[in-house]
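The values are calculated or read from the model by the stated rules, or taken from the named source; none is laboratory data. What you see is a predicted model; the values in this text were computed from it and never measured. Cβ: placed from backbone, ideal geometry, glycine included. Neighbour counts: every protein chain shown.
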Protein chains: 6
Amino acid sequence: MSDLSFTHLDPLGRARMVDVTPKEPTHRAVANREVKKGDVLAVARVAGIQAAKRTSDLIPLCHPLLVGAVHVNFEIGDDFIAVEANVDTVDRTGVEMEALHACATAALTIYDMCKSADRGMVIGELALWEKTGGRSGVYRRDMSGGDANASDVSDTVTNVVES
Amino acid sequence: MSDLSFTHLDPLGRARMVDVTPKEPTHRAVANREVKKGDVLAVARVAGIQAAKRTSDLIPLCHPLLVGAVHVNFEIGDDFIAVEANVDTVDRTGVEMEALHACATAALTIYDMCKSADRGMVIGELALWEKTGGRSGVYRRDMSGGDANASDVSDTVTNVVES
Amino acid sequence: MSDLSFTHLDPLGRARMVDVTPKEPTHRAVANREVKKGDVLAVARVAGIQAAKRTSDLIPLCHPLLVGAVHVNFEIGDDFIAVEANVDTVDRTGVEMEALHACATAALTIYDMCKSADRGMVIGELALWEKTGGRSGVYRRDMSGGDANASDVSDTVTNVVES
Amino acid sequence: MSDLSFTHLDPLGRARMVDVTPKEPTHRAVANREVKKGDVLAVARVAGIQAAKRTSDLIPLCHPLLVGAVHVNFEIGDDFIAVEANVDTVDRTGVEMEALHACATAALTIYDMCKSADRGMVIGELALWEKTGGRSGVYRRDMSGGDANASDVSDTVTNVVES
Amino acid sequence: MSDLSFTHLDPLGRARMVDVTPKEPTHRAVANREVKKGDVLAVARVAGIQAAKRTSDLIPLCHPLLVGAVHVNFEIGDDFIAVEANVDTVDRTGVEMEALHACATAALTIYDMCKSADRGMVIGELALWEKTGGRSGVYRRDMSGGDANASDVSDTVTNVVES
Amino acid sequence: MSDLSFTHLDPLGRARMVDVTPKEPTHRAVANREVKKGDVLAVARVAGIQAAKRTSDLIPLCHPLLVGAVHVNFEIGDDFIAVEANVDTVDRTGVEMEALHACATAALTIYDMCKSADRGMVIGELALWEKTGGRSGVYRRDMSGGDANASDVSDTVTNVVES
């Protein structure tokens with residue numbers, strides 16, 4: 001992590017909130033090996049879980065509901081981090097907005113923690129991947145090649161932070 | 001609006017929060033003429049403005065600051081709505097996270113209000129477009145063709161809801 | 001809208017949050033034709049719906065519950081705007097506080113957006129109009145003339161912004 | 001307090017949040033001697049102070065600012081409680097929305113705590129009483145008889161809960 | 001209250017939020033007779049009740065649930081105030097986090113209101129006292145001497161502010 | 001981690017929010033080696049930082065201010081975890097309430113994540129350790145043995161989760 005200044009991580013990789021200091025943005029670093037060190041993904045995961053719970057606070061016409069299980073996971077590629085969120089509920093309505101909100105907030109959190117190193121990041125394609133258990137039947141996004149990932153989660157969405 | 005059921009709009013196009021009822025998702029409708037009717041974009045604009053103010057509540061390591069002016073605007077294409085957010089502040093730190101959060105929340109709000117008509121929507125490319133007035137100088141995203149849109153706003157981001 | 005400066009609306013009537021600039025308050029403008037243009041009522045409607053969802057956050061001894069449908073409507077008179085909120089729930093408790101909170105917040109939002117044009121506005125009579133489905137039976141406010149408006153909503157309240 | 005059931009107060013007059021139980025609404029009780037006992041006004045005062053701090057969260061186009069001093073006071077009449085809120089700030093913008101929001105929320109809190117005894121209460125006239133220190137000069141509501149109460153607070157508003 | 005400056009209480013013992021002014025911290029005052037005067041405990045009780053409702057907002061992996069009854073009570077000793085919180089729910093999960101959060105927030109509120117008089121206060125032992133009705137059976141903290149206080153509340157916790 | 005069921009961690013030690021399932025509480029596990037694995041401390045750190053920012057939302061008479069840097073650190077002993085929070089600000093008031101709130105919330109978060117393994121945990125002594133830069137001069141808690149830890153942070157508090 002020699003030439004990168006992740007100002008939200010201390011030298012041991014622990015999250016901190018710091019006063020902004022002059023800094024030199026460097027080259028592309030999203031999803032590099034450095035990011036795996038430290039708390040970046042743990043912080044983004046927490047942010048996503050909390051966002052799922054507060055979705056109806058932020059999305060005006062979204063119904064309040066009691067979120068059940070929330071999982072936020074990451075896949076780290078050479079120049080991207082893919083974010084996947086699964087949300088379950090026993091409530092009467094779907095939870096795709098909760099999953100989308102979790103995913104978007106986790107991605108924004110990654111962006112926030114890495115922006116001092118790379119301001120050219122893009123938060124790409126956010127979409128519903130799979131929805132089960134609702135009144136309108138199972139929804140599964142059409143993919144070239146098939147539906148390898150037919151899990152039993154309620155609503156799953158994915159997002160990508162690219163650089 | 002005959003064959004579309006925007007359950008978040010009443011027959012006069014006014015926003016409402018409704019109990020979820022059985023409905024038939026139909027074909028692509030994002031950004032069609034129907035969406036311009038009613039409150040959809042007004043609701044999304046409010047959601048974006050409020051999200052800008054609450055950014056540090058949702059993004060864990062983001063500093064609290066007092067947001068100044070916030071503008072959220074839309075460009076409606078044949079099969080997309082582009083969302084642009086500008087945020088100003090007199091504070092010591094940048095406001096790109098506030099602009100990104102406003103943009104993402106406005107796009108999620110559009111998605112929420114249109115999802116009963118089209119579940120295949122994608123929230124695409126969210127990126128910082130321009131940043132001025134910070135310590136690290138002016139940032140302007142590199143574009144094929146030039147920088148037509150050299151405004152004097154602080155931080156501008158764009159987002160797209162496609163279908 | 002020549003002689004009025006609604007600083008929360010841009011020239012096309014879209015909501016924006018602006019830095020406060022010197023301005024000349026003019027004459028009475030609440031509920032004039034100008035107010036119907038633009039986003040004022042749409043913003044107030046969103047504010048009311050969101051307030052209904054957050055009632056137990058603001059009113060200390062109010063129980064949390066999952067709000068179902070929320071409708072906020074307006075009647076525009078010559079020198080007033082009447083605000084009516086209906087809230088439904090499937091929960092075990094009543095929702096009159098949610099309806100009252102929605103109504104008060106929508107009225108305050110109108111006040112906020114119009115105060116640059118008229119600082120003499122008054123937010124008048126806020127009262128429960130009708131309550132159905134609770135354990136204590138149907139409540140209907142005693143009115144001179146009769147109960148024309150015996151709808152089947154749960155809790156309905158009204159409020160008035162006068163000038 | 002024999003024939004009144006203030007379900008939000010325990011027998012010693014301490015606030016509590018209780019499960020809703022069957023109850024018999026009785027006659028008018030707002031602002032009677034009973035209400036002075038116990039925590040009602042203390043709870044309403046806290047609710048008003050907290051609401052002042054969260055105004056920009058609830059009123060969509062209201063700017064965030066750092067509230068300074070907040071005072072919420074009550075005058076108890078035979079069949080009404082008058083609520084007065086004063087808010088100070090060192091910020092660049094006015095704080096009348098914060099004072100109005102404090103007042104409305106304190107009144108709603110009184111309503112909530114007394115509604116089991118009297119469902120016919122009305123929350124009346126909410127208006128700006130006095131505003132000082134802003135760019136647009138001193139504002140003082142025109143009153144029949146004079147300006148007895150020319151205090152030096154920034155923004156003062158009043159509200160009334162009548163029964 | 002001659003030699004103590006409780007800056008959060010006015011001369012009549014009513015809560016207020018005040019601008020910070022130079023002040024002389026004096027000697028130990030927590031839980032003295034002065035504290036009983038005025039709104040201190042009423043404000044702390046409200047803070048605890050509201051905290052119970054917002055627990056899942058603050059504790060990241062805590063599930064949202066609909067809190068039922070909440071009681072926060074105090075025992076005032078010579079140099080301490082003991083805080084006890086009971087929380088009920090009809091939800092499927094336990095509410096000990098809600099009770100702990102209520103207790104901690106009530107204690108912090110007492111600290112905040114008394115810190116101008118005594119900066120050496122300590123918030124001591126916060127622990128679960130009793131838990132009933134959950135799947136894991138009744139839990140009761142082992143005490144020297146027996147279980148005098150076998151109430152039927154769900155979850156009870158205690159906390160102490162010492163000086 | 002064989003005989004312990006940290007239900008908030010998946011087998012790889014990543015945080016998740018899960019539906020509550022029947023579980024057997026076992027023996028003391030706070031601060032054991034297992035806890036160091038996984039996200040427990042990272043989640044608690046995020047919770048503490050976010051709580052610092054939202055202090056005035058939870059503590060009724062606490063002034064809103066713009067928190068600067070926040071650090072939350074842990075010391076892991078044989079049967080305890082000590083929590084230390086430092087908060088800086090450029091604002092005019094002290095930030096000890098923000099530091100205390102961060103510390104308490106981080107400790108409650110640890111409790112929440114470990115309570116399935118040990119319900120007998122106690123959250124102990126929460127106190128102000130050091131305060132600098134305020135109007136009332138430097139405060140440093142009197143300790144047996146000296147002031148080894150005379151750092152230059154503004155407000156530092158400590159807390160302990162014992163088992």
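Among residues belonging to region F:64-93 that are within 25 Å of residue E:102 (Cβ to Cβ) and among the small types (Gly, Ala, Ser), point out the one that is farthest from the other protein chains (Cβ to nearest Cβ). Ranking the qualifying residues of region F:64-93, first place goes to F:82. Selection of region F:9-62 for residues being at pLDDT below 50, farther than 30 Å from residue C:54 by Cα and in a loop (DSSP other than H, G, I, E, B) yields F:22, F:23, F:24, F:25, F:26, F:27, F:28, F:29, F:30, F:31, F:32, F:37. When residue D:122 is tested against (1) more than 13 Å from chain E (Cβ to nearest Cβ); (2) over 21 Å from residue C:123 (Cα atoms); (3) among the β-branched types (Val, Ile, Thr), just one condition goes unmet, and that condition is (2).
Tallying residues that are among the acidic types (Asp, Glu) and modelled with pLDDT of 90 or more within region D:70-95 yields 1.
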